[in-house]
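Notes for the one structure printed next.
The values are calculated or read from the model by the stated rules, or taken from the named source; none is laboratory data. Here the structure is a predicted model, which is why all the values come from computation and not from measurement. Cβ coordinates were reconstructed from backbone atoms using ideal geometry, including for glycine residues, and neighbour counts include every protein chain displayed.
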Amino acid sequence: MKIDRLLATTILLLNRRRISAGELAERFEVSTKTVYRDIETLNRAGIPIVSRQGISGGFELMERYTIGRQMLNAGEIEAIRSAVEGAATALDDRTFADLTEKVQALLGGESGRESTGPGVVFDFNSWSLNGPIRDRIERLRRAARECLCVEVRYLNMNGAESRRTLEPEVLLMKGGVWYLYAYCLLRSEFRLFRLSRMLEFRETGRPFVRREAPPLDTREWKDDWDAAPRIEVSLLFRPCVRLRVADEFDASRIRELEDGSVRIAGGYAADEWFYGMLLSYGDSVLVESPPEAAAELAERASRIVARYADAAPDIEKALR
């Protein structure tokens, strides 16, 4: 429809500095004559589009022209408001609170909100986000913004500690967990660091020149604590832990059996986290394969039993 094409053209011009008639014609599968007629229609509607000649020519909006409320319906504005409020739950930044007020004004106050309803509520604030982590988020944001190095004492999943000097690039949340994407001077590369594993944190005040960081969307999602080799495992869980399994494992890996038990199959890193997670299920999990993983889990369980056997006299004495 022509009205949809006109709106899409306007959005393209808002998001791109300049676009040619040929690009628009190819995108909408129309002739260049139709494109020129569309541009004339938009100009008559009051949208100031300028035509530039030459090899790099094309159409562009006059400088400082912005989209008006009339081009967004109430549902679209409400979606923006919900997303902004979600960001405000995770970051103690007045900017997001002010932005929420401005977006709400586009809805016409509370009456607009009541008529549309948010539909989706974004809350990025983890249940376990405590004061120190929230404070660290704000300090790391400031260090990244002002290009200042930070020093951390970092603990990986296997319990190894190291001191790192980092050049913060960006903070990100994935799966409800906060990470810092930073250039590590120790490893001479960009890496991901989990904030909860920063045992110590210090702002150095030392400036750095920002480096060109590899895009996060092309990076393999792992950091120092995910370096253990992966093995293919099969785990059998009793029915009594079915709910917990559903919360902790990918649904695509869960196979429900006739007796109510569930089987999980897939590749996992055979590290401290993996065996600790299995031990937390007690006798409600059985490692079906591989045999070496089952043997390792049994060995760890036997060491737990031995430790309590050694401590039995002291425990009995304390209970008297």
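Listed values, structure above:
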item: Any chance residue 198 is over 17 Å from the mean Cα position of the chain (by Cα), in contact (Cβ under 8 Å) with a residue 24 or more places away in the chain and within 18 Å of residue 134 (Cα to Cα); result: yes
item: Residue that is surrounded by the most Cβ atoms within 10 Å (Cβ to Cβ) [pool: residues in the range 1-45 that are under 18 Å from residue 63 (Cα atoms) and in contact with a helix residue (DSSP H, G or I) (Cβ under 7 Å, 6 or more places away or on another chain)]; result: 9
item: Cross-chain or 6+ apart pairs with Cβ under 8 Å, the range 161-176 first and among the hydroxyl-bearing types (Ser, Thr, Tyr), then surrounded by 13 or more Cβ atoms within 10 Å (Cβ to Cβ) and assigned to a strand (DSSP E or B); result: 162/153; 162/154; 165/149; 165/150; 165/151; 165/184; 165/204
item: Complete set of residues in the range 275-311 that are out of contact with any helix residue (DSSP H, G or I) (no Cβ under 9 Å at 6 or more places or on another chain) and of a type in the set (S, T, N, Q); result: 280, 289, 302
item: Selection status of residue 185, in contact (Cβ under 8 Å) with a residue 12 or more places away in the chain and within 26 Å of residue 247 (Cα to Cα); result: no
item: Helices (runs of 4 or more DSSP H) contained entirely in the range 1-103, each with at least 3 residues that are modelled with pLDDT of 85 or more; result: 21-28, 32-44
item: Residues being part of a helix (DSSP H, G or I), aromatic (Phe, Trp, Tyr) and buried (at least 16 other Cβ atoms within 10 Å of the Cβ) - total across the range 252-297; result: 2
item: Spans of strands (runs of 3 or more DSSP E) in the range 161-230 with at least 3 residues at pLDDT 90 or above and in contact with a Leu (Cβ under 7 Å, 6 or more places away or on another chain); result: 161-174, 177-184, 198-207
item: Filtered residues of the range 49-61 (kept if over 38 Å from the mean Cα position of the chain (by Cα) and closer than 13 Å to residue 13 by Cα); result: 50, 51
